[in-house]
Amino acid sequence: MGTCSRSQAAAMIHAGRVRLNGVVKRNPEAPVHFGVDRIEVDGRLSVAAGKLYWMLNKPRGAVTTASDEKGRQTIYDFLPPAWSQPSGGPSASDAVPWIAPVGRLDKASEGLLLLTNDSEWAARILAPGTHLDKTYHVQIGKVADGELLSALQRGIARDGELLRVKSAARLRSGDKNSWLEIVLDEGKNRHIRRMLEALGVEVLRLVRVAIGPLALGTLAKGAARALTLAEKAALDGALSHR
């Protein structure tokens, strides 16, 4: 319903805070018929939240979680204050819908991150079978040559997985480093970093600059905004052709 995360919902259900047709249900897997069944949280009727679609230019050093036990900055520090997420989950009177990241960028990575409360849409963006392109600009600690670019496209066996990129090109080079543009149409944990580590190449910066047709553009570092109708339609169009 777009009002909290799955884990928060499960915790509220186990705690007896949720009634289904007037009866407390403690099983998160209990079937529900939307539009027919009455769902109450903390004694109040729960209403489906309006769908939200946002983008954030994640800064390096921020973690993609709602809270961090080490006290590090999280992505929620860069969103409107109403979206800070207490560990106990939302109350039925919360006026601001829950919102969550679509996938992750690791702490050292930066750039375009989508956020939404539409879990079905997020699942489609992330689904391996969708093969939605994700474009990254990567600074490495060496001058890239044709062999490096070919190795990335051929694929590298790492930790029992075959990691490969859809495309890799050199954007520019200095005396001791280069910027690459790398496109993935699948996303595995630390995909680009693991490939370059296997090749003995140091990653200096890793910035996601586009997801499908949606580009980071001029959005300032640490800034967030809602997607325009045209941007959302373009992403939906890319998904429908997969």
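Here is how the numbers come out for the structure above:
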{"item": "P(r) of the stretch 174-242 over all Cα-Cα pairs, binned every 10 Å from zero, in whole percent", "result": "14, 38, 33, 14, 1"}
{"item": "Rounded accessible area per residue of the stretch 138-239, 1.4 Å, Å²", "result": "51 Å²"}
{"item": "Stretch gain in nm, segment E202-R72, where the contour uses 0.36 nm per residue and the Cα spacing is subtracted", "result": "44.4 nm"}
{"item": "Within straight-line cross-link reach of K70, aspartates and glutamates at Cα separation under 20 Å, skipping those fewer than 8 residues along the same chain", "result": "D106, E110"}
{"item": "Answer label for Kirkwood radius over Cα pairs in Å (calculated), chosen among (1) 19.9; (2) 22.0; (3) 20.6", "result": "(1)"}
{"item": "Surface accessible to a 1.4 Å probe, E147 within the full protein complex, Å²", "result": "110 Å²"}
{"item": "Computed lengthening from E147 to L79, 0.36 nm per intervening residue step minus Cα-Cα distance", "result": "20.3 nm"}
{"item": "Cα-projected label distance for R60 with R6, points at 7 Å along beta-carbon direction, nm", "result": "3.3 nm"}
{"item": "Solvent-accessible area, 1.4 Å probe, carbon plus sulfur percent, for the stretch 1-67", "result": "54 percent"}
{"item": "Spin-label model distance (nm) - R158 vs N189, 7 Å beyond Cα toward Cβ", "result": "1.3 nm"}
{"item": "Residues S167 and H14, FRET efficiency given R0 of 51 Å [Cβ-Cβ distance, rounded to 0.05]", "result": "0.65"}
{"item": "Size descriptor, Kirkwood hydrodynamic radius, that averages inverse alpha-carbon separations across the stretch 106-183, Å", "result": "14.6 Å"}
{"item": "Projected label distance in nm at L45 and R26, using a 7 Å step from Cα toward the beta-carbon", "result": "2.8 nm"}
{"item": "Accessible surface, 1.4 Å probe, highest first, among residues Y76, Y53", "result": "Y53, Y76"}
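The values are calculated or read from the model by the stated rules, or taken from the named source; none is laboratory data. Remember, it's a predicted structure, so these values are computed and weren't measured experimentally. All Cβ positions, even for glycine, are placed from backbone atoms using ideal geometry, and neighbour counts span all protein chains on display. Surface areas here come from the heavy atoms of the whole protein model, side chains and all, with no ligands, DNA or RNA. Shrake-Rupley method; radii C 1.70, N 1.55, O 1.52, S 1.80 Å.
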